[in-house]
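See below for the structure under consideration.
Read the figures in this text as sums done on the coordinates, not as results from a lab. Computed from a prediction, not measured in an experiment: that's the story for all the values here. Please note: Cβ atoms are built from the backbone with ideal geometry, for glycine as well, and neighbour counts cover all protein chains shown.
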């Protein structure tokens, strides 16, 4: 029979005491090798552990949220420029197909009813989202211009303004029958502002 040393005997006693106390719902950790004198709670996390996790989450959020907003603004502005290009191309197509100048409204560029053929009031050139005048955080305002004596519009202006300046976008855009997209960083854009490079 092997003799047990004092350390081994103490570890066995600790195990026996701990299992007896656990049965009575009293948490205890015995002192010894690799053991702590702090009470051990098997039911969940301590308040300190939860506070540390919350602090880490807040730090990550403070770093990530501004970057996320900047990325969304850049995406919305790129979408607004592309939407203005689509509208400009659609206006040229509308004038070429129907031969009576540019459209009188954005709705005239929209989809015809199901099964119907395109007409001057529903040409089927742009999607319903652009027809509504809002897309990707920008509001599009269409105004026909240069009405001649035959009732044709020979010009138009389209303004693209952010719905929430600083959140959905920061730049303002303008396009007219010259098909140059112009930009202003502080106020509504116009025909004298600098144009956006391709």
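Observations on the model:
- Reducing the range 52-109 and the range 154-198 to their Cα centroids gives an inter-centroid distance of 12 Å.
- Rounded, prolate or oblate (a/c below 1.5 giving rounded, otherwise prolate when a/b exceeds b/c) for the range 101-158 by Cα gyration tensor: oblate
- Here the simple spin-label model places points 7 Å from the Cα toward Cβ, and for residue 148 and residue 167 these points are separated by 4.6 nm.
- For the range 150-198, fraction of C-alpha pairs farther apart than 15 Å, in %: 46
- Tensor-based shape of the range 80-184 (alpha-carbon gyration tensor, a/c under 1.5 rounded, otherwise prolate or oblate): oblate
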